[in-house]
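The values are calculated or read from the model by the stated rules, or taken from the named source; none is laboratory data. Everything quoted here is computed from the prediction, not taken from an experiment. Glycine also receives a Cβ, built like all others from the backbone with ideal geometry; neighbour counts cover every protein chain displayed.
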Amino acid sequence: MLLFIFLPRAPGWLLVLTLALALYLTVIELREMRPAPHWKWWAWWLSFVFLTHFVGYLALRGYAAYRRWHQARA
């Protein structure tokens, strides 16, 4: 994100590349969850990450970490 602050005009391909990377990492994170989330959860998380970009991906990482921690305690 610092690149966009320092560049006078952000290249469009870089925005698309970072969005694709965030969506790819979201799919990987969802595949690792056990039990596997329902397809509606998949759709919700992918659309959330698509709309909020990396902030949404970080929210998913936090949710997944909380879920793993909570399951380990149970």
Matching residues in region 45-60 - criterion: being at pLDDT 85 or above and of a type outside the set (A, V, I, L, M, F, W, C): 47, 52
message: One residue is enough: does region 27-38 have a residue meeting the conditions surrounded by 14 or more Cβ atoms within 10 Å (Cβ to Cβ), of a type in the set (Gly, Ala, Ser) and at negative phi?
response: no
